[in-house]
Amino acid sequence: DTQAAGAALISAIARGGGSALWRDGCYYWEEALRLCSAHLSHPTQAVRDGYALALCDLSVAVSHEVLEDAINAEKRAAKKAALVRLRGGARGEVLQRTLVQPLVSAALRGAVPSCASLSLAWTSYVGWVAAKEGDSVLVELAVQVVQLCDAAASAKAQSDARAFAGMPPDTHLGEALASGELPHIQACALYILRSAVIEALTESSQKALLHQLVGLLVRPGCAVPTAVVALEGLSILMDVLGEVGEEEGGTLLEAAVMSQVPSASAAVRHQAAAAAAALATVQPPSAARLLDAQLDTLEAATQLMAEARPPHPAASPP
């Protein structure tokens, strides 16, 4: 109960503008961040949820006008510079430290309870952005949510590199998943997209997000977890929109889905097939062209295999 009360106290201070956090530079904000991060693995759900939500509130507090007042009142150059740097990183470094890095770390460690608490904190943050910042910022945030998978895939690759170099790898990073999936971070990103982001967007912003997800898919070297989440996001958006005209992105959707069909990952191929089925609903001509192209590819591959097959030896006479 005491620890849960501590989390509630940090949240209350942060929601009020965090005046106590800005004393002595941003020292007390940093200490609050450290305390919240340390309790994300607490065995009690109420405590985990409370500190995860406090991380969200610490992130939001950086955008409050009280911090601006603290910057103007601060006379010590070094302390003032620390506050200015914190204020300037509200959308970048601060979000990384409060919500991105803790979630990526928990997902790679397989800490499912921590992932659940942090996902709820993310939905709270998305709600604040939707209320205060508008759809354009919310679309950018949705892309950041999908790119959580990029961060996780990069961390996994670094762990694998250490293993190849003879160093002990990190544990619980998706081992035995030959397809390259990272299921924990994928599940978190999809939950945030489905439950908080997409339903808060207007139709025009949903189409803008659709274009952004297409851009993630067609870029070179799209990581498997990112491709899985982006394709599932496209399927959800197409289902919500109901119809997408050629000029609104039908051709782009076709190209994005087609680029993922031959993926080496079974998970990506499965999601690409699901996206193709959704495309058949919102833009039948694009889905027909995609299917025709894949059938042509299959026929060409069949002919190559037939030509490569060695001829049967001639039968010897009886």
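The values are calculated or read from the model by the stated rules, or taken from the named source; none is laboratory data. Just so you know, these numbers come straight off a predicted model, no measurement behind them. All Cβ positions, glycine included, derive from the backbone under ideal geometry; neighbour counts span all protein chains shown. Note: accessible area is taken over every heavy atom of the protein model, side chains too, but ligands, DNA and RNA are not part of it. Shrake-Rupley method; radii C 1.70, N 1.55, O 1.52, S 1.80 Å.
Quick notes on this structure:
- The single condition among (1) under 15 Å from Leu83 (Cβ atoms); (2) within 24 Å of the chain's Cα centre (by Cα); (3) without any contact (Cβ under 8 Å) to a residue 60 or more places away in the chain that Ala38 does not meet is (1).
- Region 174-185, subset at negative phi, open to solvent by 10 Å² or more (accessible area, probe 1.4 Å) and under 17 Å from the mean Cα position of the chain (by Cα), residue modelled with the lowest pLDDT: Glu181
- Residue pairs meeting the criteria (Cβ under 7 Å; at least 6 apart or on separate chains; first assigned to a helix (DSSP H, G or I), in region 1-19; second open to solvent by 60 Å² or more (accessible area, probe 1.4 Å)): Ala4/Ala46
- Taking each residue of region 241-268 that is within 13 Å of His211 (Cα to Cα) and hydroxyl-bearing (Ser, Thr, Tyr) and looking for partners that are open to solvent by less than 60 Å² (accessible area, probe 1.4 Å) and modelled with pLDDT under 85 with beta-carbon atoms closer than 8 Å, six or more apart or interchain, yields Thr251/Ser286.
- For region 97-112, filtering for residues that are part of a helix (DSSP H, G or I) and basic (Lys, Arg) leaves 1.
- Enumerated helices (runs of 4 or more DSSP H) restricted to region 222-318, each holding at least 2 residues that are over 20 Å from Ile185 (Cβ atoms), modelled with pLDDT under 75 and not small (Gly, Ala, Ser): 284-308
Yes or no, residue by residue, for (1) in a helix (DSSP H, G or I); (2) open to solvent by 10 Å² or more (accessible area, probe 1.4 Å); (3) modelled with pLDDT of 95 or more; (4) touching a Lys or Arg at 6+ places or on another chain (Cβ under 9 Å):
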position	(1), (2), (3), (4)
Ser63	no, yes, no, yes
Ala70	yes, yes, no, yes
Ser114	yes, no, yes, yes
Ala121	yes, no, yes, no
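- Test: residue in region 139-149 that is in contact with a Pro (Cβ under 8 Å, 6 or more places away or on another chain), assigned to a helix (DSSP H, G or I) and either at pLDDT below 95 or open to solvent by 10 Å² or more (accessible area, probe 1.4 Å) (or both): yes
- Tabulated pairs, region 125-136, first over 12 Å from Ala200 (Cα atoms), second polar (S, T, N, Q) and open to solvent by 20 Å² or more (accessible area, probe 1.4 Å), C-beta under 8 angstrom, 6+ apart or interchain: Lys132/Ser63
- Residues of region 196-206 classified as assigned to a helix (DSSP H, G or I) and either modelled with pLDDT under 90 or open to solvent by 40 Å² or more (accessible area, probe 1.4 Å) (or both), total: 4
- Scanning region 73-88 turns up no residue that is open to solvent by less than 40 Å² (accessible area, probe 1.4 Å), in contact with a Pro (Cβ under 9 Å, 6 or more places away or on another chain), assigned to a helix (DSSP H, G or I) and not aromatic (Phe, Trp, Tyr).
- The listed residue being closer than 27 Å to Ser154 by Cα, touching a residue at least 40 places away in the same chain (Cβ under 8 Å) and of a type outside the set (S, T, N, Q), out of Ala200, Ala230: Ala230
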